[in-house]
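What follows is a short report on a single structure.
Nothing in this text is a laboratory measurement; each read-out follows from the coordinates by a stated rule. Values in this document were obtained by computation on a predicted structure and should not be read as measured data.
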Amino acid sequence: MAKYAAARRAGDFVFLSGVVAVDAVHQVALSRYEELPEPARHSLRGLGYDTGQMSVDVFEAPIVTQSWFVLDRIQQLAQEQGGGMADAIKLVQYFRDLRHYPAFNRVRGLFYPTESPVSTVVEVSRFLPADSVLVEVEATLYLPR
């Protein structure tokens, strides 16, 4: 969406730019479970999300969907750099509303089942490209050469 690098290596560290859950083709933030691949939805059901109950899902789906998408994208970027999610040792998580953190944290457990990364959480007033973006995450990878 912008003209900056998604990742940049400096010695044994790789710094990832902030990742948001936006469909680049349509320029809209993800907000529905249906926008995720079935394996992701299956994993989220194991956490009690994606219930199929509209009265529940309509409230949880935007942050849960965006959380999974952002963490999966960080995992993809780590793999492109020759690493994995365990190499993403530091995350900075920006939220439009800190009340979304518990849902994000549960989803993050799918990507860090044994050891959590060092973490910073910040509440911000807005994100680009739209107010419907609820979370942005930047990561630092440690990948010794």
*What translational D, rounded to a whole number of µm²/s, comes out for the stretch 9-97 from Stokes-Einstein when the hydrodynamic radius is the Kirkwood one over Cα pairs, at 25 °C and 0.890 mPa s?*
170
*Treating the angle as unsigned and between 0 and 90°, give the value, to the nearest 10°, between the Cα long axis of helix 54-80 and the longest Cα principal axis of the chain.*
20
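Can you tell me the equivalent ellipsoid semi-axes for the stretch 82-144? Use √(5λ) from the Cα gyration tensor, largest first, whole Å.
Values: eigenvalues 104, 37, 18 Å².
For the stretch 82-144, the semi-axes come out at 23, 14, 9 Å.
Taking 8 Å as the Cα distance limit and 6 or more residues as the minimum spacing, I'd like the relative contact order of the stretch 8-145 as a percentage. All intermediate terms of the calculation are to be shown ahead of the outcome.
On the way: 223 pairs, mean separation 52.1, N = 138.
Taking the mean separation of contacting Cα pairs over the length of the stretch 8-145, I get 38 percent.
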